[in-house]
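This report concerns only the one structure given below.
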Amino acid sequence: MVKRYSASRFFSINTQTILIQTDTTVGFLSQDEIKLQNIKSRNSAKPFIKTYQNFKTFLEEGNRAPNSKKAFIRRSKKTTFIVNGVSFRVAQSKSNSSVARKLLWSYSTSANESGKKFNRKFCELKADIIIEDKDGLKEQSSSTLYKINSKKIIKLR
């Protein structure tokens, strides 16, 4: 189900904030980093995780990963990586929504106020588009976080 509280069409999905059940927990997705910072009241120095639909898109954007770790990154599920100070995930959308499938990449963050638990009313007020399936929106555990370089992998979360 897609809810939209505006009469306009989805012509500019790049600037919209989407509330969706991600592969790990409920999250906000957007290609507008500043909009997400305002929603979360988050320090602008703290970067967001960039989520890619597939590993090919990640590489096409000019990103690099150590050759010895590429297979590990490509096959990982529910995992976030930090490589050369850049945090990213490769996570295909579980949603059947055509809106979610159009986003080849987006900034991602948990759907809550900074330091607080999931609050559906807060999220519905802040999101431009709400994508929900029959299972609803559920707060679950966050992704595993690894910092990797060409020599080692360090688990941070």
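Which one of Leu145, Leu137 is touching a helix residue (DSSP H, G or I) at 6+ places or on another chain (Cβ under 8 Å) and within 15 Å of Asp23 (Cβ to Cβ)?
On inspection, the qualifying residue turns out to be Leu137.
Is there a residue being over 17 Å from the mean Cα position of the chain (by Cα) and aromatic (Phe, Trp, Tyr) anywhere in the stretch 67-78?
For the stretch 67-78, residues over 17 Å from the mean Cα position of the chain (by Cα) and aromatic (Phe, Trp, Tyr): present.
If you scan the stretch 43-54, which residues turn out to be modelled with pLDDT under 90 and buried (at least 16 other Cβ atoms within 10 Å of the Cβ)?
Hit for the stretch 43-54 is Gln53, nothing else.
Provide a single number: the residues in the stretch 129-145 that are surrounded by fewer than 18 Cβ atoms within 10 Å (Cβ to Cβ) and either of a type outside the set (A, V, I, L, M) or in a helix (DSSP H, G or I) (or both).
Qualifying residue count, the stretch 129-145: 11.
Select, from Lys152, Lys40, Lys102, Lys116, the only residue that is surrounded by 12 or more Cβ atoms within 10 Å (Cβ to Cβ), more than 14 Å from Leu19 (Cα to Cα) and basic (Lys, Arg).
Lys102
Hey, among the residues in the stretch 119-128 that are closer than 14 Å to Leu36 by Cα and without any contact (Cβ under 8 Å) to a residue 24 or more places away in the chain, which one's surrounded by the fewest Cβ atoms within 10 Å (Cβ to Cβ)?
Only one residue tops the list, namely Leu125.
As an exercise: evaluate Ala65 against (1) in a loop (DSSP other than H, G, I, E, B); (2) surrounded by fewer than 18 Cβ atoms within 10 Å (Cβ to Cβ); (3) in contact (Cβ under 8 Å) with a residue 60 or more places away in the chain and give the number of the one condition it does not meet.
It fails just one condition, (2).
Report every pair of residues separated by at least 6 positions or lying on different chains whose Cβ atoms are under 7 Å apart, first residue within the stretch 97-114 and over 12 Å from Gln31 (Cα atoms), second of a type in the set (Phe, Trp, Tyr).
Val99/Phe10; Ala111/Phe28; Ala111/Phe118; Asn112/Phe118; Glu113/Phe122
The values are calculated or read from the model by the stated rules, or taken from the named source; none is laboratory data. Remember, predicted model here, so these are calculated numbers, not experimental data. Neighbour counts are summed over all protein chains in view; Cβ atoms, including those assigned to glycine, are modelled from backbone coordinates with ideal geometry.
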